[in-house]
Amino acid sequence: MKNAILTAKGLCKSFAQGGEQVHVLTQVELELFEGDFTVIMGASGSGKSTLLYSLSGMDRATAGEVIFKNRDITKLKEKELSMLRCKDFGFIFQQMHLVSNLSLFENVVVPGYLDKERTAQQVRDYADELLDKMGIKQVKEHLPSQVSGGEQQRCAIARAVINSPALLFADEPTGALNRKNTTEVLNLLSGLNSAGQSILMVTHDLRAALRANRILYLEDGSIIASLDLPPYSAEEEKSRETQVNAWLSSLHW
Ligand SMILES: Nc1ncnc2c1ncn2[C@@H]1O[C@H](COP(=O)(O)OP(=O)(O)OP(=O)(O)O)[C@@H](O)[C@H]1O
Ligand SMILES: [Mg+2]
């Protein structure tokens, strides 16, 4: 039996636009489990990013609950929420949002220093270990502008996991990468997941979605279908692709 790590109940998100309310999320019910690699798919504009932001406390839901560690995070004060985002959650985006005048190493350690339970030296040691694991230790003193897009994204992953988040959120993390870099980033995410990292990733890239052991499909503001898969293995990628493709076709993706 898997433990739930994050639960959304009746989650709604609306935006005011031209004097009208646009209802993007309408009563989303969802449960994420510890150790899972969950992917959210859906058409462009279906609200995938909005859902990710509402679940992770980056944006406030209009109504409903998001339960994490027995607390409804939609009710937290801004300061508590930013602490939670820093310590319990990690984030990766399509655009890496690295700080341009800090080296890769500094980009990774800075959020680590906010965790008062570790000494600065422990944070630096762990950053070195992560940069090594991401295969970018040799360029760690470079500025983001001095490395490739794939290297920047690998740095962003290291930064996202420096505080050992309970849950790693990723919004189209391979959206700006070429095929080779996409594979490398996906392999790193799969590796983190195999080591126990819980991941929630939004993507419309089928190759990225194949890494998940659970795919949720968002349409008309709520989750309308889900597909459970065995843990990813490269050898079974072809048959997995056929299965996921058939499922997506049945949803008219
Ligand atoms: N801040 C905002 N103000 C008004 N409308 C917004 C805002 N953010 C998102 N929306 C609208 O909500 C809808 C869902 O947007 P969202 O970015 O979540 O879609 P998505 O599924 O992530 O799309 P994509 O696959 O293209 O990234 C869109 O119609 C968008 O225009
Ligand atoms: Mg999006």
How much length, in nm to one decimal, is gained on full extension between THR119 and ASN3, taken as 0.36 nm per residue of separation minus their Cα-Cα distance? 38.7 nm
Expected sort for 38-49, 117-128, 232-243 on mean C-beta neighbours within 10 Å, highest first, is 38-49, 117-128, 232-243
Beyond 20 Å between alpha-carbons counts as too far, so tell me which of LYS13/LYS77; LYS133/LYS238; LYS13/LYS75; LYS2/LYS79; LYS2/LYS87; LYS180/LYS238 fall in that bin. LYS133/LYS238; LYS2/LYS79; LYS2/LYS87
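Which whole-number percentage describes the relative contact order of region 27-150, with Cα contacts under 8 Å and a sequence gap of 6 or more?
Worked out over region 27-150, it gives 18 percent.
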Full-extension gain in nm, GLN146 to SER164, via 0.36 nm per residue minus C-alpha separation: 3.8 nm
From DSSP H assignment alone, runs of 4+ in the chain each adding -39500 (n - 2.57), the sum over residues rounded to the nearest 500 puts [θ] at 222 nm at -10500 deg cm²/dmol
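Using 1/(1 + (r/R0)^6) with R0 = 25 angstrom and r between the beta carbons of GLU20 and ALA225, what's the FRET efficiency to the nearest 0.05? Please report the intermediate quantities before stating the final value.
On the way: r = 29 Å, r/R0 = 1.16.
E(calc), rounded to 0.05, equals 0.30.
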One would report the Cα pair-distance distribution of the chain, bin width 10 Å, in %, as 7, 30, 36, 22, 5, 0
Just need the relative contact order of the chain here, percent rounded to a whole number, with Cα pairs under 8 Å and 6+ apart. 26 percent
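Any idea what % of Cα-Cα pairs in region 153-212 are farther than 12 Å? Walk me through the numbers before you get to the answer.
On the way: 1153 of 1770 pairs.
Tail of P(r) above 12 Å: 65 percent of Cα pairs.
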Calculated Rg and Dmax of region 116-253 using C-alpha coordinates, Å: 16.7, 52
Springs between alpha-carbon pairs under 10 angstrom, Gaussian network model over the chain: which of ARG211, ARG71, ARG159 fluctuates most? ARG71
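FYI, it's all coordinate maths here, none of it is from the lab. Nothing here was measured: the structure is a model prediction, and the numbers come from that model. Note that we place each Cβ from the backbone using ideal geometry, even for glycine, and neighbour counts take in every protein chain shown.
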